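Colleague: Sharing a structure with you now.
Taken together, the values in this text are just the output of simple stated rules run on the coordinates, not laboratory data. It should be emphasised that the depicted structure is a prediction, and the values quoted were computed from it without experimental measurement. Quick reminder, even Gly has a Cβ in these numbers, built from the backbone with ideal geometry, and neighbours come from all protein chains shown.
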Amino acid sequence: MRRIIHYAASMIIIPIYGVQVCPFIEGLPPFWVAMPIITLFLMQYVLGSLLWNRWVRNSGLEHQVKSAFLLEMGLFITTGVLLTLFNTLVFDFPLSSGVKMIVGITGLGFFAAVDLALEAERSVAKQVIANDTDIDPAQHYFPLTSKMVLFSSTSLLLVVGVFTLLVIKDLDWLVKVGDSVTLVEGRISILKEFFFVLAVMLPHTLNIIFSYSCNIRAAFDAQNRVLTQTSLGDYSGRIAVSSADEFGVMAKHTNHVVETIHDRTEELRRTRDVSILALSTLAETRDNETGAHILRTQRYVRALAIELKDHTTFADYLDEETIDLLYKSAPLHDIGKVGIPDAILLKPGKLTDEEFVIMKTHAQIGADALAIAEEGLGTNSFLTFAREISLAHHEKWDGSGYPAGLKGVEIPCSGRLMAVADVYDALISKRVYKPAFSHEKAKRIIIEGRGTHFDPDIVDAFIAAEELFCGIAKQYGDSATQ
C-alpha cells in the first residue's frame, strides 16, 4: 500500500514539477507531459513488485532493509534516466532539461526508498518475532547517527537544488516576458511554484520523521519492557534482535545480560536451597526426629498457605512470592536445636520440667542466630521469614506458648502456619515417648486446639486440605527416607 501511494503521488507530482522547472516541458501539450511519466512509473511499479518478491524478500532478514532502499532508489533513478532519453530522442530536449527531471524524480525516489526501507524494517521485526529467530547484528554497521545526518543533508540538498532550478527558470521567464507581466503577477507566479515545492517536500519529510520515530519507539519500548521485567525479578523476557544496527547490538547484549542474571540467580537460589537443606538436616540429625520431618512440614506449610491465599484475612499477605519464601524457610524452624545439650536433645524419654525449660530455648537460639545472619546480609525476605518461623512456631493463639507468650495476631502468620504443620507432623510420627497417631486422631487434636493453640482460620484451612496432608505424609514417610 505504501508503494502504491508513493508511485501514485509521483505520477501526479512529477508532471507538475516538470512544468514548473523546465520551460521545454512547459511548452508540451498536457498529454505528452503526463503520458511518458505515468507510463514509466507504471512499468517501474510492475518491475519493482517482481524484484521485491525475488530479490528483497528472498534475501536474508539482515539484508532486506538495505535491499529495499537500494531497489527503490535504483528504480526511481532508472525512471529519471529513461524519461530523459525519451524527451531527448522524441522532442530533442537539451541535457539540462533531463538533469532537472532526474533531480526531481531522484528526490521523490529518495523519500520513497527511505520510507519503504523503514517499513521493511518493521516487517523484518514481525518476521523475527513470528519465527522466534534473531538477526546477528553486523560488526561494522551503518550507525543511526550517520543515517540521520545523511537523511538531513540529502533532504537539505534536494530543497536547495530544486529551489535553485526554480530560481534559474523564473529568471529566464522574467527576461522573456519582460513588461508583459506585472510585478505582482510575477511574484504570485513565483510564490506558487515555491509553495508547490514546499507542499511536496514537507509531507514527505514529516512522513519519514514519523516512520523513523515509530521504529525507534518500538525498539525502546522493547528494551524498557524487558528491563522493567528484569528489575521486578522476571527473567523470562527477551528482545527480538531484528536490526543490524545499534538497536540490534543493544538487544543482543540485553538478552545476554538477562540470561546471565537468570543463570546466576538460579545458581544462587539452588545454593541457598541446598544450604538450607544442609543446615536443617544437620539440626535434625541431632534430634530423635528424622530428616523427612522437614520435607513434610515445609509442604504442609505451603498447602495451608495456598488454601488461605484467597481468604480475606490473608490475601494481602500470601502472594505467590511469599508462599514460596515460606516454603523455603520452613526447614529452618528447629535450627536452634543445635544449641541444646545432647543430654536433653537426645534423651530417650520424657523431659523433666527443668529440661523442658532448656529445650524451649531452641526457638530463641535459632531466631538469634538467624537475626545475626539477617543483619549481616541486610534486608532479606527469606531470612526474615526463617527468623519469624524459628521464634514463633511454638507460640499459641491464647498466649500460653513460648518464648514470648504472644497472643492472636501478635504471632506472625508464618509462625501460626508452622505451628499447625509442626504439631500435626509430630502427632502422626513415632517418637521415643509415644507411638505414631493416626490422621484422624491427629485431626481431632488439631481441632480441639482451634482458638486456643492454633489460629482458627488456619485450622479451617487444615481441615479443607486434609487429603493433601495425608498424601504428603504418605509420600514423605519416615520409611521412605531410611
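Colleague: Taking percent of Cα pairs over 30 Å apart as the quantity of interest, determine which of (1) 48; (2) 54; (3) 64 was computed from the displayed structure.
Modeller: (3)
Colleague: What's the Kirkwood radius of region 286-481 in Å, using all Cα pairs?
Modeller: Values: mean 1/r = 0.0590 Å⁻¹.
About 16.9 Å for region 286-481.
Colleague: Which whole-number percent gives the relative contact order of the chain, counting Cα pairs below 8 Å spaced six or more residues apart? Don't jump to the answer; show the numbers that get you there.
Modeller: On the way: 544 pairs, mean separation 52.2, N = 482.
Reported as a whole number, the value is 11 percent.
Colleague: Determine the gain in length on full extension of the stretch F220-K66; use 0.36 nm per residue of separation and subtract their C-alpha separation, reporting nm with one decimal.
Modeller: On the way: separation 154, 0.36 × 154 = 55.44 nm, distance 2.17 nm.
Contour length minus the Cα-Cα distance gives 53.3 nm.
Colleague: Are any of the pairs K360/K430; K100/K126; K328/K407; K309/K434 more than 31 Å apart by Cα-Cα distance, and if so, which? It would help to have the intermediate numbers written out before the result.
Modeller: Details: K360/K430 21 Å; K100/K126 40 Å; K328/K407 25 Å; K309/K434 35 Å.
From the list (K360/K430; K100/K126; K328/K407; K309/K434), the Cα-Cα distance tops 31 Å for K100/K126; K309/K434.
Colleague: Of G74, I12, G48, which is farthest along the charge dipole of region 2-231 in the positive direction, counting Lys and Arg as +1 and Asp and Glu as -1 at C-beta?
Modeller: Checking the options against the dipole of region 2-231, the answer is G48.
Colleague: Between region 297-342 and region 364-406, what is the C-alpha centre distance in whole Å?
Modeller: Computed from Cα coordinates, the inter-centre distance equals 12 Å.
Colleague: While we're here: What number, rounded to the nearest 500 deg cm²/dmol, is the helix-based mean residue ellipticity at 222 nm of the chain, given -39500 (n - 2.57) per DSSP H run of at least four residues and division by all its residues?
Modeller: Numbers: 19 runs with 350 residues, N = 482.
Rounded to the nearest 500, it is -24500 deg cm²/dmol.
Colleague: Between L85 and L191, take the C-beta separation as r, use R0 = 25 Å, and let me know the FRET efficiency to the nearest 0.05. It would help to have the intermediate numbers written out before the result.
Modeller: Values: r = 33 Å, r/R0 = 1.34.
E(calc), rounded to 0.05, equals 0.15.
Colleague: In addition: Using all C-alpha to C-alpha distances in region 44-126, build P(r) with 5 Å bins and read off the rounded percent in each one.
Modeller: Answer for region 44-126: a P(r) of 3, 16, 22, 20, 14, 10, 7, 5, 2, 0 percent.
Colleague: How far is it, in nm, from the label point at R54 to the one at E246 when both lie 7 Å from their Cα along the line to the Cβ?
Modeller: Each label point is offset 7 Å from its Cα along the Cβ direction, giving 3.8 nm.
Colleague: Can I ask one more? Just name one of A371, I446, A419: the one whose Cα is farthest towards the positive end of the charge dipole of region 286-481 (beta-carbon charges, Lys/Arg +1, Asp/Glu -1).
Modeller: I446
Colleague: Continuing with this model, one more query. May I ask you to sort W32, W52, W397 by Cβ crowding, counting other Cβ atoms within 10 Å and putting the fewest first? Let's see the in-between values first.
Modeller: Values: W32 14, W52 19, W397 24.
Fewest to most other Cβ atoms nearby, the residues stand as W32, W52, W397.
Colleague: Same structure again: Taking only C-alpha pairs under 8 Å that are 6+ residues apart, what is the relative contact order of region 286-481 in percent?
Modeller: Values: 287 pairs, mean separation 48.4, N = 196.
RCO, region 286-481: 25 percent.
Colleague: Over region 54-129, what is the relative contact order in percent, taking alpha-carbon pairs closer than 8 angstrom and at least six residues apart? Intermediate results must be reported in sequence, preceding the final value.
Modeller: Values: 64 pairs, mean separation 30.2, N = 76.
Result for region 54-129 is 40 percent.
Colleague: Pull out the extension gain between T78 and V409, defined as 0.36 nm times the separation in residues minus the alpha carbon to alpha carbon distance; nm, one decimal.
Modeller: 110.8 nm
Colleague: With a cut-off of 20 Å, note down the residues of region 202-216 whose backbone N falls inside the zone around a label point 7 Å from the Cα of F163 toward its beta carbon.
Modeller: Residues 202-209 fall inside that zone.
Colleague: Would you kindly state how much longer the chain becomes between V432 and I447 on full extension, computed as 0.36 nm times their sequence separation minus their alpha carbon distance, in nm to one decimal? Don't skip to the answer; put the middle values down first.
Modeller: Values: separation 15, 0.36 × 15 = 5.40 nm, distance 2.47 nm.
Computed gain between V432 and I447 is 2.9 nm.
Colleague: Mind putting a number on the dipole of the chain about its Cα centre? Charges go on the C-beta only, +1 for Lys and Arg and -1 for Asp and Glu, and I need it in Debye to the nearest 20.
Modeller: Details: 43 positive and 56 negative charges, 210 e Å.
Using Cβ point charges on Lys, Arg, Asp and Glu, the chain gives about 1000 debye.
Colleague: Still on this structure, please answer the following. Which aspartates and glutamates does K443 reach when only Cα atoms under 18 Å apart count, and residues fewer than 8 places away in its own chain are ignored?
Modeller: Cα-Cα hits under 18 Å: E307, D422, D425, D455, D457, D460, E466, E467.
Colleague: May I ask you to derive the FRET efficiency for Y141 and T313 from their Cβ-Cβ distance with R0 = 51 Å, giving the value to the nearest 0.05? Don't skip to the answer; put the middle values down first.
Modeller: On the way: r = 58 Å, r/R0 = 1.13.
After rounding to 0.05, the efficiency reads 0.30.
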